[in-house]
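First comes the structure, then the notes that go with it.
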Amino acid sequence: MNKLYLTLLLLLGVSLTKAEDGHSLWLRMSKNDVPANVRTQGVKKSVVVTTATNELKQYWKGGQVILSLTGKSTDDTYSIGNDNGVITVTSSTENGLLYGAYTLLRLQQTGETVKTMSDSPTSSLRILNHWDNPNGTVERGFSGKSIFWKEGGMADLEIVKEYGRVCASVGINATVLNNVNAKPLMLDAKKLTETKRIADVLRPYGIRVFLSINFATPKVIGGLETADPLDKKVVEWWNKKCAEIYKKIPDFGGFLVKANSEGEPGPMDYGRNHADGANMLADALNKGFEAVKHAANTPKPIVMWRAFVYSPKGMDRASQAYDEFMPLDGQFRDNVIIQVKNGPIDFQPREPVSPLFFSLEKTPVMPEFQITQEYTGESIHTCFLASMWKEFFDTIKGYARVKKYDAVAGVANVGDMRNWCGSDMTQVNWYAFGRMAWNDAITPQQIADEWLKMTYTTDKAFVEPMTDVLMESREAVVRYMMPLGLHHIFAGGHHYGPEPWCDPKGWREDWKPKYYHKADKMGIGFDRTMNGSQNVRQYPDALFNIYNKVDECPEQLLLWFHHVPWTHKMHNGETLWEALCHTYDHGVRQAEAFARIWNQMKPYVDAERYEAQKLNFDRQAKDAWWWRDACLLYFQQFSGMKLPLDCPVPKYKCEDLQKYNLPIDNYTRAPFEKLP
Ligand code: GCV
């Protein structure tokens with residue numbers, strides 16, 4: 001090989017390894033030339049502690065670290081002590097030591113000193129839900145294909161391993177590997193063997209695997225005539241299936257179930273109820289679990305049964321889950337948890353908390369958040385969801401009987417794109433989910449600060465303005481998409497972009513925006529008060545009294561609970577119409593400001609990530625205009641009022657936007673070149 005060619009090749013190699021594609025997420029640490037001094041105490045043989053030790057050996061730049069396993073508690077609390085530079089991490093669980101190790105690395109990355117501290121998780125189960133299909137597509141995934149399932153082949157287990165490491169670094173300890181719209185074939189022998197291989201790769205990171213199941217599986221792949229949960233053969237089938245699963249995966253976590261929802265099969269197909277279905281599965285899992293040997297401390301299996309149900313017949317979709325589940329309170333086995341979306345409709349930019357969180361008394365519930373941004377701009381818009389989740393936890397602490405949850409789920413935004421999440425900025429929501437599931441009292445501000453420092457730079461000139469951007473981003477999205485309590489006014493099907501007019505023939509009414517905004521000549525909004533659907537009555541008195549009265553209802557939820565005249569006087573003296581216009585404008589101005597601020601960040605960010613994110617911020621600002629013009633011009637047809645004088649002239653015409661159609665499915669990100 002001649003010299004010039006060799007030099008070129010070397011240069012290319014160097015530039016390739018330096019190319020910044022966002023793949024490292026927030027784990028950007030240089031490897032040590034000489035391994036750090038790490039030893040363990042009280043640990044026999046543990047793959048999880050080996051991971052912790054190796055991580056510290058490779059990346060810890062400080063003095064000796066002792067990982068000490070002691071005590072009997074089963075929660076993952078860990079303590080860190082610093083005795084003149086000798087650090088001791090103590091926990092009674094192996095996972096606790098792993099989280100302590102990652103905390104040391106985080107403090108190192110963010111430039112903080114290691115002080116004596118103790119850290120306990122709020123929830124013992126911190127679980128991602130992947131909506132990944134066996135053919136590799138990801139429902140509402142905006143970052144490529146599944147990292148777990150490939151049509152006709154096995155996942156890249158190296159990537160799965162990296163995923164496990166990333167999750168563990170923020171305290172996530174479990175994952176549901178497939179879509180809640182589950183395919184029966186997920187439980188066939190081949191898929192279970194693949195699941196076992198994934199479980200084996202994730203175990204050293206303290207992560208247990210779960211599967212979503214299709215309730216009709218005994219019929220579809222089991223050859224039975226029914227899937228009735230009280231039928232003996234069906235019970236027998238699930239018992240055998242669970243035994244098969246536990247033989248392969250002794251620490252298998254359990255099932256996630258979407259039943260009798262959006263066309264999925266369930267116990268109600270046989271005249272049974274949710275408890276009948278959930279309990280049968282809970283018993284089968286228990287039997288399978290008890291029949292095999294597992295490591296001490298392995299948590300018992302659970303069924304996470306989703307409360308995401310609604311029917312076209314009900315008067316108000318927001319009331320349905322409560323109506324269906326409240327009569328069953330106390331009838332579920334103790335290893336069943338009801339998984340409830342944070343709001344009563346469906347992961348909208350802003351919803352009140354679902355009434356079920358205040359009401360179920362004898363049945364455990366767990367919140368389900370959506371990390372993937374189905375309704376908040378896909379992987380294109382920056383929308384820091386920690387602010388939304390904080391609002392949820394604050395309301396719970398203020399008004400619910402149970403102030404914290406033993407389990408928290410988040411619908412993942414992970415795919416096989418190099419940057420994992422479809423864009424660099426939306427990675428923050430994966431990080432934020434882990435941090436908040438671990439500690440529901442952590443502030444979004446702290447999460448933003450940590451994440452920016454770890455992902456980009458600790459330079460204040462970058463961290464301060466970008467923390468402001470993240471902190472404002474969720475409210476900006478609410479303002480330019482669905483302000484003042486508006487909800488579900490997005491495009492049908494793929495859900496990207498505004499379509500308050502969307503009204504396809506033959507669709508269920510509760511899939512159409514008009515069902516929710518109810519705009520007419522008089523006003524706008526869904527009357528859920530005692531004069532309307534009475535959904536307010538599902539809330540505890542303290543909230544009922546606020547939500548039911550138009551003057552006391554927080555204006556950010558006004559149109560969620562009230563149908564309000566266009567001339568209604570807002571707290572600041574404006575009419576509702578003026579406030580709506582100004583709020584949309586405010587959102588647009590914020591989105592434009594985000595793009596401007598990012599432009600100023602160029603000196604602090606590598607060229608690749610700077611340019612990639614610039615495209616997203618610019619697109620977000622355009623989309624904000626699109627949303628604002630579409631909604632205001634459409635609602636203007638009902639209000640009959642002019643835009644206030646200080647509102648800018650629209651960039652789009654309503655009739656053009658009404659003709660526009662984005663030809664994508666539910667598994668793809670909106671392509672920029674096709675957007676208006
Ligand atoms: C996985 C919404 C989404 C669906 C999703 C469903 C659910 O309806 O649009 O894609 O299905 O919620 O949470 O089950």
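The values are calculated or read from the model by the stated rules, or taken from the named source; none is laboratory data. In this text, all values refer to a predicted model and were calculated from it rather than measured experimentally. Ideal geometry is used to build each Cβ from the backbone, glycine not excepted, and the neighbour counts take in all protein chains shown. Surface areas here come from the heavy atoms of the whole protein model, side chains and all, with no ligands, DNA or RNA. Shrake-Rupley method; radii C 1.70, N 1.55, O 1.52, S 1.80 Å.
Quick notes on this one:
- Volume of the Cα convex hull of the stretch 486-535, divided per residue and given in Å³: 92
- Here the alpha carbons of the stretch 447-559 define both size measures, Rg and Dmax, at 19.0, 55 Å.
- Remark: the chain projects, on average over all directions, an area of 32.7 nm² (convex hull of Cα atoms).
- Think of the chain as having a plus end and a minus end, set by charges on the Cβ of Lys, Arg, Asp and Glu; of Leu543, His517, Ser123, Ser123 sits farthest toward the positive end of this dipole.
- Nearest-20 debye value, the chain charge dipole, Cβ charges on Lys, Arg, Asp, Glu: 1440
- Rg over Rh, two decimals, the stretch 51-132 (C-alpha only, Kirkwood Rh): 1.00
- Ordered by solvent-accessible area of protein heavy atoms (1.4 Å probe), largest first, the residues Asp449, Asp33 come out as Asp33, Asp449.
- When the listed pairs Lys150/Lys258; Lys190/Lys219; Lys341/Lys512; Lys313/Lys505; Lys61/Lys150; Lys183/Lys232 are checked against a 28 Å cut-off, the alpha-carbon distance exceeds it for Lys61/Lys150.
- For peptides 97-109, 531-543, sequence by mean Cβ density within 10 Å, most packed first: 97-109, 531-543
- Formal net charge of residues neighbouring Arg126 (Cβ-Cβ distance under 15 Å; K, R +1; D, E -1): -3
- For the listed residue pairs Lys390/Lys674; Lys521/Lys674; Lys514/Lys653; Lys161/Lys196, the alpha carbons are over 24 angstrom apart in Lys390/Lys674; Lys521/Lys674.
- Taking 22 Å as the straight-line reach from the Cα of Lys460, the lysines in range (excluding those fewer than 8 positions away in the same chain) are Lys602, Lys614.
- Placing unit charges on each Cβ (+1 for Lys and Arg, -1 for Asp and Glu) gives the stretch 354-404 a dipole about its Cα centre, and among Phe392, Phe358, Ser379 the Cα reaching farthest toward its positive end belongs to Phe358.
- Asp468 - accessible surface, heavy atoms, 1.4 Å probe, Å² rounded to 10: 80
- Given +1 at the Cβ of Lys and Arg, -1 at the Cβ of Asp and Glu and no other charges, the dipole of the stretch 396-538 around its Cα centre is 640 debye to the nearest 20.
- FRET E, pair Asn545, Lys642, Förster distance 30 Å, beta-carbon r, rounded to 0.05: 0.25
- Local net charge near Ala432, Cβ-Cβ under 10 Å (Lys/Arg +1, Asp/Glu -1): +1
- Kirkwood Rh in Å, taken over all unlike Cα pairs in the stretch 194-323: 15.7
- Relative to the Cα centre, the charge distribution of the stretch 180-245, modelled as +1 at Lys and Arg Cβ and -1 at Asp and Glu Cβ, gives a dipole magnitude of about 240 debye.
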